[in-house]
1. Just to make sure I understand: if all protein chains stay in place, what is the order of ILE58, ILE82 by accessible area at 1.4 Å, largest first?
2. Roughly what would the spin-label model give for MET71 and TYR41, points 7 Å off Cα along C-beta, in nm?
Amino acid sequence: QINRESEATKDKRPQLHNLRDSGDIEQDADGVMLMYRPGYYKREEAAPQWEADELEIIVAKNRHGNTGTAMFAWYGVSGKSIPRED
């Protein structure tokens with residue numbers, strides 16, 4: 001469950017410490033992925049539903065590999081996400 005304190009920060013990108021009981025998550029989980037869609041916070045600037053919006057999948061923890069961010073195109077009409085190749 002996400003802690004709502006991140007809503008008050010300027011950068012809305014979620015981080016591992018925003019999760020409740022993150023100490024337990026750090027200890028028990030093999031991997032943690034967080035999703036961030038900037039268009040959600042910029043609704044007046046968001047792309048129309050039939051156009052792609054940006055979606056970030058943030059791998060915050062991965063015991064068996066690398067961490068990082070993957071960029072996707074998110075379509076609001078269908079809820080479908082497609083990996084970006086830029």
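The values are calculated or read from the model by the stated rules, or taken from the named source; none is laboratory data. Values in this document were obtained by computation on a predicted structure and should not be read as measured data. In this analysis, Cβ positions are derived from the backbone assuming ideal geometry, glycine residues included, and neighbour counts consider all displayed protein chains. Areas reflect the complete protein model, heavy atoms only, side chains present, ligands, DNA and RNA absent. Shrake-Rupley method; radii C 1.70, N 1.55, O 1.52, S 1.80 Å.
1. Numbers: ILE58 20, ILE82 70 Å².
Solvent-accessible surface, decreasing: ILE82, ILE58.
2. So the label points at MET71 and TYR41 sit 1.8 nm apart.
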